[in-house]
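Novice: One structure follows; several queries about it will come next.
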Amino acid sequence: MKVTMIGSGYVGLVSGACFAEFGAHVTCLDVDSRKISELKAGKVPIYEPGLENLVRENTSKKQLEFTDCYGDFIGDSDLVFIAVGTPSRHGDGHADLTYVYKAARELAKYLRDYTVIVDKSTVPVGTAKNVKRIIATENPEADFDVASNPEFLREGAALSDFMRPDRVVIGVESERAATLLRELYRPLNLIETPIITTGLESAELIKYASNAFLATKISFINEMSMLCEAVGADVHAVAKGMGLDGRIGRKFLHVGPGYGGSCFPKDTKALVRIAQENGTPSRIVESVIEVNEAQKARMINKIRSALGGSESGKKLAVLGLTFKPETDDMRDAPALTILPKLLDNGALIRAHDPKGVREAKILLPESIQYFEDIYTTMEKVDAVIILTEWNTYRGLDLVRIRENMQGRVFLDLRNIYEPERMRELGFEYHCIGRH
Ligand code: UGA
């Protein structure tokens, strides 16, 4: 089976490499020639555990190729995936479909025999039908179907999510297209992965509804954490007690400084727009977004009050800048909201992150000082703030930190340490939703 993957970002590259591993012959296409030359040389421009190896192995087996030219492989492909970016459009929260439609126009010219064009990017309901119209207009002779095959990959765990998914969703208009897509995913039959076939609109909505629901769980528990603080309850106990009910489930009930990343913030906003435009406003998702913004603001207040009412002139060590561990992605990371506010109010910030510093230097104010060594970051500071729960922050030498700090404040905004133990060690320990 021959596959072209248009877009070699997170989604396109992971999906392309995994389909190649499944046995398809895959060509990853990207208009960014520099990225393509790097990939041809075996260099993966993003950090995703296991991806570089998978790309190298499949490139050397010739299962995976790269090109920056639409004319090269599309005519021979059985399936062409569109996996280009759909950022939030400035101002209105809409997903920006410029790149998706551009890809559709470009690829249309090169179609030869029957081909299935599959949307893998997260796109608003109705996009697959628009792609169909664009291709039919550009190339009235083309023999093709469109399909929607949303991805459910978490950054940092994308390979295992692809190889062992909870489900695969295939939105189609024809049995012929469904058969080709099922054939592509056939290796997953071995592990009995449910493959559900729906119409185009349902598949498109499943993706947004899933992300919005997960974001809802996070905002819900973040809101509950405030109540826990007010009444003296422990949010971990509450989450566990709720989550053991199989109808609720334990996952995605971890408190934090607010969800971030390239997906939840953008997709919740897009869903709100889609719902408004269709005359069925989603008040729940609107509130989820509000609660998330409020959570970030609440973290700033928490830090301020832990510092005795003002961060001005205080030296802070911030551990973790990316929106979550095991990624170098800084998009919509809570750090981008929280740190500039602290700096504006006169704090001095020393920061550490295992993978995110390169991006952080571009996106955060210049006055932040970065350190490679975790312990140097915390030397002589008034307070330590854990913003992202990287594994290396879970087993810190706390005695050493306590001795080398100037102050005693430790703000654990991912609740990775035990309050009692931290206080025994002499820290003024603050976390979320527990005392
Ligand atoms: C998310 C979904 O989990 C994937 O299923 C989906 O495919 C992907 O978006 C996408 O649309 O492409 P991702 O953004 O990589 O994946 O990361 P998550 O692990 O879902 O975390 C998102 C944010 O929620 C992070 O900021 C994380 O710290 C936060 N989070 C997550 C919490 O605060 N609490 C939790 O319990 C879980």
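Novice: Name the residue, out of Ala233, Ala270, Ala203, that is at pLDDT 95 or above and within 16 Å of the ligand (Cβ to nearest atom).
Specialist: Ala203
Novice: Restrict the check to segment 71-90 and report whether at least one residue is crowded, with 16+ Cβ neighbours inside 10 Å, more than 16 Å from the ligand (Cβ to nearest atom), of a type in the set (S, T, N, Q) and modelled with pLDDT of 95 or more.
Specialist: There is at least one residue in segment 71-90 that is crowded, with 16+ Cβ neighbours inside 10 Å, more than 16 Å from the ligand (Cβ to nearest atom), of a type in the set (S, T, N, Q) and modelled with pLDDT of 95 or more.
Novice: Here are Gly346, Gly320, Gly356: which of them is of a type in the set (Gly, Ala, Ser), assigned by TED's automatic domain parsing to the domain that holds Leu411 and farther than 16 Å from Glu389 by Cα?
Specialist: Just one listed residue meets the conditions, Gly346.
Novice: Take residues that are farther than 30 Å from Gly50 by Cβ and in contact (Cβ under 8 Å) with a residue 60 or more places away in the chain and tell me which of the helices (runs of 4 or more DSSP H) falling wholly in segment 74-164 contain 2 or more.
Specialist: Ranges flagged: 127-138.
Novice: Inside segment 156-177, can you point out the residues that are buried (at least 19 other Cβ atoms within 10 Å of the Cβ) and touching a strand residue (DSSP E or B) at 6+ places or on another chain (Cβ under 6 Å)?
Specialist: Once the filter is applied, which keeps residues that are buried (at least 19 other Cβ atoms within 10 Å of the Cβ) and touching a strand residue (DSSP E or B) at 6+ places or on another chain (Cβ under 6 Å), segment 156-177 yields Val168, Val169, Ile170, Gly171, Val172, Ala177.
Novice: Out of segment 206-230, which residues are more than 9 Å from the ligand (Cβ to nearest atom), hydrophobic (A, V, I, L, M, F, W, C) and either crowded, with 21+ Cβ neighbours inside 10 Å or over 30 Å from Lys129 (Cα atoms) (or both)?
Specialist: Result: Ala212, Phe220, Met224, Met226, Leu227, Cys228, Ala230.
Novice: For segment 393-435, which residues satisfy the criterion of being within 31 Å of the chain's Cα centre (by Cα) and under 21 Å from Thr376 (Cβ atoms)?
Specialist: Tyr393, Arg394, Gly395, Leu396, Asp397, Leu398, Val409, Phe410, Leu411, Asp412, Ile416, Tyr417
Novice: Here is a further query. Hey, could you check segment 125-148 for residues that are within 16 Å of the ligand (Cβ to nearest atom) and crowded, with 22+ Cβ neighbours inside 10 Å and say which is farthest from Leu214 (Cα to Cα)?
Specialist: Thr127
Novice: Give the residue, chosen from Ile300, Ile284, that is modelled with pLDDT of 95 or more and not assigned by TED's automatic domain parsing to the domain that holds Ile401.
Specialist: Sole residue among the options that is modelled with pLDDT of 95 or more and not assigned by TED's automatic domain parsing to the domain that holds Ile401: Ile284.
Novice: Next up: How many of the residues in segment 30-65 are under 20 Å from Ala103 (Cβ atoms), surrounded by 14 or more Cβ atoms within 10 Å (Cβ to Cβ) and over 24 Å from the mean Cα position of the chain (by Cα)?
Specialist: Residues in segment 30-65 being under 20 Å from Ala103 (Cβ atoms), surrounded by 14 or more Cβ atoms within 10 Å (Cβ to Cβ) and over 24 Å from the mean Cα position of the chain (by Cα): 2 in total.
Novice: Would you check if Ser282 is of a type in the set (S, T, N, Q) and closer than 30 Å to Ile401 by Cβ?
Specialist: Judged against the criteria, Ser282 is not a match.
Novice: Here's something else I'd like to know. For the structure I just gave you, tell me whether Lys251 is within 16 Å of the ligand (Cβ to nearest atom), charged (D, E, K, R) and part of a loop (DSSP other than H, G, I, E, B).
Specialist: It is true that Lys251 is within 16 Å of the ligand (Cβ to nearest atom), charged (D, E, K, R) and part of a loop (DSSP other than H, G, I, E, B).
Novice: Ok, one more. For segment 189-213, how many residues are without any contact (Cβ under 8 Å) to a residue 24 or more places away in the chain and over 30 Å from His94 (Cβ atoms)?
Specialist: So the answer is 3.
Novice: Considering Glu65, Glu38, which residue is in the same structural domain as Gly85 (by TED's automatic domain parsing), out of contact with any helix residue (DSSP H, G or I) (no Cβ under 7 Å at 6 or more places or on another chain) and in a strand (DSSP E or B)?
Specialist: Glu65
The values are calculated or read from the model by the stated rules, or taken from the named source; none is laboratory data. Please read these numbers as outputs of a predicted model, since none were measured by experiment. Positions of Cβ are backbone-derived with ideal geometry, glycine not excepted, and every protein chain shown enters the neighbour counts.
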